[in-house]
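Throughout, read-outs are computed from the coordinates displayed, never taken from laboratory work. Just so it is clear, the structure is predicted and the values come from calculations on it, not from any experiment. Heads up, the Cβs are rebuilt from the backbone with ideal geometry, glycines too, and the neighbour counts pull from every protein chain shown.
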Amino acid sequence: MVQLSTAVCLLGGLFLIAPVLMAPTHSSMCTPLRTINDSLSHRRQYMKHNFPIEYTIKVHNREIFRLSNISRMRLRTEGLNELVLQRLWFQVYQGVLKKILWVLPTRHPSRPYTAELERRFKDAQAVFMQSHPAQVFQEDLPEKIHDIWDSLTEKPENMPESSWRFATPKSLLDNLCRTMYCLFSECFSNADVQEDYCEVSHWRKGRKKDMQPES
């Protein structure tokens with residue numbers, strides 16, 4: 001059953017409320033997503049400590065995919081379905097993980113970790129595809145989402161230099177983790193505590209920096 005929720009943003013002292021179509025996460029998704037989260041709990045060691053200080057990689061500007069991007073899309077894309085955002089999340093981060101792997105030499109200490117994380121991500125993506133009717137993925141995307149999708153699938157040599165940004169591997173996986181909790185919150189919710197994983201303030205709490213799912 002699809003539920004109608006709202007996204008709220010404060011702009012210039014005014015509260016803007018936009019409807020968001022919320023589709024419940026299919027229960028089959030939770031196991032592979034929690035497996036990804038298990039890997040992400042080690043991201044500091046493998047994506048920060050094993051790299052030179054301030055080391056960055058080149059990614060598409062659409063691959064800097066944060067909670068703020070999700071909030072803006074929810075506000076500015078009329079009738080946006082949560083399933084579309086989940087599809088976009090998979091599209092974004094399959095590219096991010098490939099780019100991190102590309103820069104890692106065969107014997108780099110973080111390469112096995114990244115390869116395993118990418119494998120787990122692909123497993124989750126396969127479950128995601130199988131848990132929805134095929135026709136869902138044949139439906140037209142909202143225009144704004146379609147533009148993002150096209151830019152992500154464009155050949156690198158055809159994109160202008162302005163399309164690229166530099167980011168640390170650790171920050172990219174931080175974004176992966178936080179947006180995963182936001183878009184698939186039902187897999188990480190604690191029945192005793194109400195948490196809004198889509199709020200930036202939630203992740204500023206130091207004790208929740210590298211969260212683990214409830215068993």
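Overview of values
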quantity: Contour minus Cα-Cα distance for I53 and R107 (0.36 nm per residue); calculated: 17.5 nm
quantity: Options L85, A134, P32, ranked by Cα towards positive dipole end of the range 3-208, top entry (Cβ charges); calculated: P32
quantity: Sites A115 and E78, calculated FRET efficiency, Cβ-Cβ separation with R0 30 Å, nearest 0.05; calculated: 0.15
quantity: Reference-scaled alpha-carbon Rg (2.2 N^0.38 Å with N residues) for the range 17-119; calculated: 1.26
quantity: Calculated Rg and Dmax of the range 70-178 using C-alpha coordinates, Å; calculated: 15.5, 47
quantity: Positive-end extreme of charge dipole, the range 3-208 - chosen from C182, W203, P105 (charges on Cβ); calculated: P105
quantity: FRET efficiency, N61 to V200 (Cβ-Cβ, R0 25 Å, nearest 0.05); calculated: 0.80
quantity: In the range 3-208, lysine pairs with alpha-carbon atoms under 12 angstrom apart (chain gap of 8 or more, or interchain); calculated: 4
